[in-house]
Amino acid sequence: MFDWWQELSGFFVFELFGVQKESAMGEALHFFLYDTIKIFILLIAIIFMVSFLRTYFNTEKVRVYLQGKSEFSGNILAAFFGIITPFCTCSAIPLFLGFMQARIPVGITFSFLISAPLNNEIAIAMLFTLFGVKITALYIGLGLFIAIVGGYAMGKMKNLEQYILIPVKPIEGELEDVEIKLSIKQRAKDAMEYSKDIFVKIYLYVMAGVGIGAFIHGYVPSDFIAAYAGGDAWYTVPVAVAMGIPMYSNAAGVMPLVEVLTDKGMLLGTALAFMMAVTALSLPEAMILKRILHTKLIAIFFAIVGFGIVAVGYLFNAIL
Amino acid sequence: MKIEILGTGCAKCKTLEAVAKEAAAKVGGFHQVVKVDDVVQIMGYGVMSTPALVIDGVVKSSGKVLSVDEVVAFMNSKN
């Protein structure tokens, strides 16, 4: 699909700028130019499509849908809704309380809270762009699995409610759907503006990520990567997960790096675990939730999700 | 009329508040622009994605920043 650009960017670097072919500098420059533009094009296209589809769903609708669902099927539904519902960390609190208001069990709410950031549009777009359909599908599938099982496990724990710091009065009876009508043109415009906002927010991270990736691509030998980030040492997965926690806002910059690292010998399970930790275990989200949840509950949440991700990482290193 | 901005304090909520004030000035007359920060109060409107715009107690939009013209249109459609 991007062969033309491979040729053209090669022409720019080697002919127009006169950088020597097959030199480390030339390889790195070519890689950087090719990758950033390719990522930008795909990123904008995918984010636009995802955010357009998402204008048809909102958390208010999801809440009406999840109300009164039984535990296990509710967990599954909540995890799937996490993919298609627009979600931003800043609305984690109203979402949590709103679900409680509708008497949706805490475990189901957590299934949603695990799935939504994991399947955020930036992560999906970057994954698809860099790793293709298969890895993206694996990532989403395993993410859903962690969200369903993790939420279900939390629902089974006793007395979790005591760790919720703000008392919520349940709404009596059925909820009303807050209906906001939009034309297709309006939806497209909203999606366009949303995509633009995201692009402005992340393009520097992408360039930095690809830049460092290009450097590794051109200068760092594969043996070095395999020795430190790759290999099958048992501790690579948990270390990768721990490193992913503080990186939430930089998901866009981290993924191009991971692409290069896997290229150079990092195991795919370790890479997947790292990317999941980056998106699902978000420190900013934990800080926001701390205003309504006891630290103990957040710790349980992180422990269960972290454990799930590490397990997925090991599983993949073993079978791929 | 009474314009309420529901938001827990994210950057988008502040932007919408500024937009609403501008829209109120553009429409003219006396309008009250209020920022609602309290989560429990926000929940009362049945809204979960912030920022949300409420005009005279009716939720007009949620989860996004509007343009000045869009808010003006909401204000005018009421009368």
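All of the numbers you see were taken from the coordinates with simple rules; none came from a lab. Quick caveat, the model's predicted, so the values are computed rather than measured. A quick note on method: Cβ atoms are made from the backbone with ideal geometry, for glycine too, and the neighbour counts reach across all protein chains shown.
Odds and ends about this structure:
- Using C-alpha pairs under 8 Å with a sequence gap of at least 6, the mean separation divided by the residue count of chain A gives a relative contact order of 21 percent.
- Against chain B, whose longest principal axis is taken from its Cα atoms, helix B:11-27 shows a tilt of about 20°.
- Relative contact order for the range B:2-78, counting Cα pairs under 8 Å that sit 6 or more residues apart, in percent: 41
- Shape summary: chain A maps onto an equivalent ellipsoid whose semi-axes, from the alpha-carbon gyration tensor, are 38, 24, 14 Å in decreasing order.
- In the range A:279-315, trypsin sites (Lys or Arg not before Pro) in a DSSP loop with at most 15 other beta-carbon atoms within 10 Å: A:Lys290, A:Arg291
- At the listed q of 0.14, 0.16 Å⁻¹, the Debye profile of the range B:2-78, built from one uniform point per Cα, gives log10 I(q)/I(0) equal to -0.36, -0.47.
- Approximate spin-label separation B:Lys26-A:Leu320, in nm, with each point projected 7 Å along Cα-to-Cβ: 4.9
- Per-residue ellipticity at 222 nm computed for chain A from its helices equals -24000 deg cm²/dmol, with DSSP H segments shorter than 4 residues left out and the rest contributing -39,500 (n - 2.57).
- At least 15 Å along the helix axis (C-alpha) and Kyte average at least 0.0, DSSP helices within chain A: A:24-54, A:71-84, A:106-118, A:121-156, A:184-219, A:251-263, A:268-280, A:295-319
- The charge dipole of the range B:2-78, taken about the Cα centre with unit charges on the Cβ atoms of Lys, Arg (+1) and Asp, Glu (-1), comes to about 80 debye, rounded to the nearest 20.
- Expected-Rg normalisation [2.2 N^0.38 Å, Cα atoms] applied to the range A:37-136: 1.16
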